[in-house]
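Structure, as structure tokens:
Taken together, the values in this text are just the output of simple stated rules run on the coordinates, not laboratory data. Worth saying up front: this structure is predicted, and the values here are computed from it rather than measured. Counting neighbours? That spans all protein chains shown, and the Cβs are built from the backbone with ideal geometry, glycine included.
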Amino acid sequence: MTSPSPELLLVLLEVSRSGKFTTAGEGLGLNHTTVARKISALEKALGGRVLARAAGGWELTPLGERAVGVAVQIAEAMGRLGQGEEDPVTGSVRMTATDGFSAYIASPAVAALRAEHPGLTVELITVTRRAMQQRSGVDIEVVVGEPQVHRAQAIRLGDYTLGMYASRDYLARHGRPQTPSEVARHGLVYFVDSMLQVDDLDAPRRLAPEMRDGLTSTNVFVHVEATRAGAGVGFLPCFMADRHEDLVRILPDYFSERLPYWMVLRADSYRQPTVAAVAEALQAQMEIARPMLLGSAPSGRAAGSAST
């Protein structure tokens, strides 16, 4: 084993962030073949494999994770040198999260953090799925429900509540349901059942199994707007629905589902100051937003208290 050059380590760092040689090459100004050659040279210098094939790309091996830890230190040192300052929260963090979390938790958290650390860049990818077992190219994942992961750190961020909502106009036309069986006669606005990957989000099918689909979508913002437009009765996150005065919560004592957000980080990610700063900012924003997440509207409008 010989000491690898910093250049080779930085190539590995770029591959670890994207999981692909082609994407890493685009960021480095290199072609795919050159990236592959540099990774081979790094493996020769270290005496072992730093990458292993995984679904959709490349995953770091244990040796690769140790090498990336060194590469992060090199990248941060170079960033400080280029900026002439000692801010350790500099560089890029890639994360995935659900649509609602991304908009109302991650966005304000990152905005506040960037005000203090302008050298920070966050790539936020919206997706609703289980935590990945191979997470090359992603520093932080935020998922619904407790994740079952290996070689990763899972942190419970806090809970949020979902409930049944309908628009005032819709209820004026169709009447306000007074019982769960009456709700079941309305069309459901929710996720596409055949495409739903998160078991914890199956509450409407459990609470109102006879309810037929009205309009379904993979995007929760579509759920909210479709419910406001009168496409049916929506099972919505309270922290999103309670922002709209034209939505009324229906039977909150029965249709109420409390679910947890979990944050998952790669084993090597939390040691990086930039990733740690983003993770801590998300945790702090969750504390600030707790009443909103659990169903207390910012305006003070109590869930379920609005009349038709």
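Only helical runs count toward this figure. For the chain, summing -39,500 (n - 2.57) over DSSP H runs of n ≥ 4 and dividing by all residues gives -11000 deg cm²/dmol at 222 nm. With the simple model of a label 7 Å out from the Cα in the direction of the Cβ, Arg151 to Val198 spans 2.6 nm.
With each label modelled as a point 7 angstrom along the Cα→C-beta vector, the Thr2-Ala111 pair spans 5.2 nm. Across the options Gln197, Ala172, His223, the greatest Cα extent toward the positive end of the charge dipole of the range 159-259 (unit charges at beta carbon of Lys, Arg, Asp, Glu) belongs to Ala172. Relative to the dominant Cα principal axis of the chain, helix 107-116 is inclined by about 40°. Taking the longest Cα principal axis of the chain as reference, the axis of helix 6-18 is set at about 20 degrees. Counting only Cβ charges, +1 for Lys and Arg and -1 for Asp and Glu, the dipole size of the chain around its Cα centre is about 520 debye. If you take all other residues with their beta carbon under 10 Å from the beta carbon of Asn219, and give Lys and Arg +1 and Asp and Glu -1, the sum is -2. With neighbour counts taken as other beta-carbon atoms within 10 Å, the residues Val138, Val198 rank, fewest first, as Val198, Val138.
Extension gain for Asp87 to Thr33 (0.36 nm times residue separation, less C-alpha to C-alpha distance): 16.0 nm. The trypsin sites (Lys or Arg not before Pro) of the range 193-255 meeting both criteria, a DSSP state outside H, G, I, E and B (loop) and at most 13 other C-beta atoms within 10 angstrom of the site's C-beta, are Arg212. Each distinct pair of alpha carbons in the range 159-259 adds a 1/r term; the inverse of their mean, the Kirkwood radius, is 13.2 Å.
Residues of the range 102-117 with an amide N closer than 15 Å to a point placed 7 Å from the Cα of Val127 along the Cα-to-Cβ direction: 102.
Here is the list for the range 85-162: GluC sites (Glu not before Pro) lying in DSSP coil, each with at most 14 other C-beta atoms within 10 angstrom of its C-beta, are Glu85, Glu86. Only one residue of Ala45, Gln283, His186 has its Cα farthest out toward the positive end of the dipole of the chain, where Lys and Arg carry +1 and Asp and Glu -1 on Cβ, and that residue is Ala45. Starting from a Cα-only point model with no solvent, please compute log10 I(q)/I(0) by Debye for the chain at q = 0.07, 0.08, 0.13, 0.14 1/Å. Listed by q, the Debye log ratios stand at -0.35, -0.44, -0.91, -1.00. Rounded to the nearest 20, the size of the Cβ-charge dipole of the range 1-86 about its Cα centre is 400 debye, with Lys and Arg at +1 and Asp and Glu at -1. Computed from label points 7 Å out along Cα-Cβ, the spacing between Gln178 and Phe221 is 3.9 nm. About its Cα centre, the range 159-259 has a charge dipole of approximately 320 debye under the convention of +1 per Lys or Arg Cβ and -1 per Asp or Glu Cβ, with nothing else charged.
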